[in-house]
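**Student:** Structure in C-alpha cells, see below.
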Amino acid sequence: MPAVTEIRAQALEVAAGWSPPDAPDSWRLTAALFEAIAAHDGLLNRLAALPSDRLPALLASAAVSFLVGRDGPAPLAGYFPGPGAPQPPFDAAFFPAASRFFADRLDDIAAVCHQHRYQMNEVARCSQIALGIAATAGSPTDPVALADLGTGAGLGLQLDRYRYRVGPQAAGPPAAELSLGCEVRGPRQPPPVRLPPIAERAGIDVHPIDVRDAAARSWLRACAPPEASALTRLAAAIEVARQHPVRLVAGDVTEALPGVLDSFPPGRGVVVVDAYLSVFLPPGQRERLARIMATAGTSRPVTWLSLNPLVPLGPAGNRSVQGLPLPASLIRDYQQHGVFAVLGARTFYQGKERGRLLARAHPSGQWVEWLDSEPG
C-alpha cells in the first residue's frame, strides 16, 4: 500500500506536469484538482488504503470528476466544463469548495475508487505516437501490425484515422472527424507524419472499455482531464472507435502480449505502443516486456514505442522505462519542473537491438520537443 506522502508527491508531480507556468488558462483546473487532493489529509488517508497499481491520486481525480458530473454539487460543479461547452473561469474559491466536497463525500469518493480502475485515454498523445511511428517504421508503404498496451477503449489504435497538425505540417485524412494539434518546441523539426498502412491492430488492457456502453463512456469521460478541449477530443475519438471496432484483449499485458504478437501474420513488422503504461509497472514486468518483444523479434522486426514519464514514479524520476540513456539536463529539468513524457524506441530484429531517444513530450499531447538527430 502506498504511503500518504507518496500519494501527495505524485499528485503534486502530476499537477506540475499538466499545468506548468506557460500552460493555457484552461488547464488550471486540472492542476488545481490534483493540488486540492494533495492538500486534503482525510482524502489522502482513504486513498492510502488502495494498492499502488490502482494509481490512487489519479483515480481520486477521476472519482471526483465522476461525482461532480453526475450530481452537480454547487459551487464546485461550476468550475467543471460540460461536453461541448467552453472552459468555465477559474478562481481561488475553487480550493475551499473542493475541500468541502472532499470532506462531505469521502465515503462516496472512496466507493467510486474501489469500484473502478483509472483509465486515461488522452487521444491527443496520438500526435506524439504518430511521430514515433513515422521516425522508426522504415518504408512508409510497408504494412505494419499495431499492438497497443493499456489500450483502454482502443482510441490509440485508430491513429491513422485522425488528422494531425504538428508545427507547420499537416497530415492524415483531410476529412477526418478528429484533428489533433501539437506544438513543436526546440530547434529540431520532427519527421513528417507519414504513417505506414496498418494492416492489423489489437489492444490489451486489464479492463478494456466498450465504447458502446453508456456507463463505460461516462467513466471514460471522468478519467479525462477536466479541460474543455480534452473532453471535446475524447467525444470525437469515441465516435471514431464506435464506427471502427477493433480487437481488444482482456488481460495482463505480459501474459497477453505473446499471443497477440503470434496472431499477426508471420514476417509482418510490428509496432508495440506503450503510452503511460510501463511507468506504472514494477521493473521486473518492464524487463519481461522487453524479453517478450526481443523473442518475437527473432523472426520479424518489432519496435517498442514508449511514451512514458521517468521512473521511479515521482519527482525523483531519473531513468527511461526502456533503459535508454538520458541527457543529464533532461533529468534535471524533469526533477525541477514536473513530469513530462519521454518518447523512445527499441527495435528488436534477428537478435539485434537498436535504441533511440526520440523526444520529450507534454502529458496531454500539447507539445513535442524532438531530440533525435537520426534519419527515420
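Laboratory data are not the source of any read-out in this text; all were calculated from the coordinates shown. Small disclaimer: the values here were computed from a predicted structure and weren't measured. Positions of Cβ are generated from backbone atoms using ideal geometry, with glycine treated the same way; all protein chains shown enter the neighbour counts.
**Student:** Residues in region 299-324 near a label at ARG354, defined as backbone nitrogen under 20 Å from the 7 Å Cα→Cβ point?
**Tutor:** Counting only backbone N, you get 299-307, 322-324.
**Student:** Still on this structure, I have one more. Each residue of region 111-124 in order: what ³J(HN,Hα) in whole Hz does its phi give by Karplus 6.51 cos²θ - 1.76 cosθ + 1.60, θ = phi - 60°, with x for Gly and Pro?
**Tutor:** 3J(HN,Hα) across region 111-124, in whole Hz: 5, 4, 4, 6, 8, 10, 10, 6, 9, 7, 10, 8, 5, 4.
**Student:** Among SER320, SER306, SER52, SER218, rank each residue by its count of other Cβ atoms within 10 Å, from fewest to most, as a rough exposure measure.
**Tutor:** With the fewest neighbours first, SER320, SER306, SER52, SER218 line up as SER218, SER52, SER320, SER306.
**Student:** Please determine, in degrees from 0 to 90 and to the nearest 10, the orientation of helix 94-104 with respect to the longest principal axis defined by the Cα atoms of the chain, where the helix direction is its Cα long axis.
**Tutor:** Helix 94-104 and the main axis of the chain meet at about 80 degrees.
**Student:** I've got another one for you. Test of understanding: what is the full-extension gain from SER373 to ASP22, defined as 0.36 nm times their sequence separation minus their Cα-Cα distance?
**Tutor:** 123.7 nm
**Student:** Along the Cα-to-C-beta direction of ASP262, a point sits 7 Å from the Cα; which residues of region 348-372 have their amide N less than 11 Å from that point?
**Tutor:** Hits in region 348-372 for ASP262 at 11 Å: none.
**Student:** Arranged by the count of other C-beta atoms within 10 angstrom, fewest first, what order do MET120, MET293 take?
**Tutor:** Exposure proxy ranking, most exposed first: MET120, MET293.
**Student:** Using a 10 Å cut-off on Cβ atoms, rank the peptides 203-216, 8-21 from the highest mean neighbour count down.
**Tutor:** Final packing ranking: 8-21, 203-216.
**Student:** Let me ask something additional. What FRET efficiency would be calculated for the residue pair ASP107, ARG194, taking the C-beta separation as r and a Förster radius of 45 Å, to the nearest 0.05?
**Tutor:** E between ASP107 and ARG194, to the nearest 0.05, is 0.30.
**Student:** Could I ask something else about it? Expressed as an acute angle from 0 to 90° and rounded to the nearest 10, what is the orientation of the C-alpha long axis of helix 214-223 relative to the principal long axis of the chain?
**Tutor:** Here the helix axis deviates by roughly 80 degrees.
**Student:** Length gain on complete extension for the stretch SER299 to ALA175, per 0.36 nm per residue less the alpha carbon to alpha carbon distance?
**Tutor:** My answer for the length gained is 40.9 nm.
**Student:** Defining a contact as two alpha carbons under 8 Å apart and six or more residues distant in sequence, what relative contact order in percent does the chain show?
**Tutor:** It rounds to 19 percent for the chain.
**Student:** Related question: Stretched out fully, how many nm does the piece from ASP41 to ILE331 gain, at 0.36 nm a residue minus the Cα gap?
**Tutor:** Using 0.36 nm per residue and subtracting the Cα-Cα distance, I get 101.4 nm.
**Student:** Counting pairs of alpha carbon atoms under 8 Å apart in space and at least six apart in sequence, what relative contact order in percent does region 1-133 give?
**Tutor:** 26 percent
**Student:** Could you tell me how many degrees, from 0 to 90 and to the nearest 10, lie between the Cα long axis of helix 126-136 and the main elongation axis, the longest principal axis, of the Cα atoms of the chain?
**Tutor:** Rounded to the nearest ten degrees, it is 20.
**Student:** Go through [x] 21.7, 67; [y] 19.8, 61; [z] 19.6, 55 and flag the label whose value is the computed Rg and Dmax of the Cα atoms in Å for this structure.
**Tutor:** Read-out taken from this structure: [y].
**Student:** Divide by every residue of the chain the summed helix terms, -39500 (n - 2.57) for each DSSP H run of at least 4, and state the resulting mean residue ellipticity at 222 nm, rounded to the nearest 500 deg cm²/dmol.
**Tutor:** -12000 deg cm²/dmol
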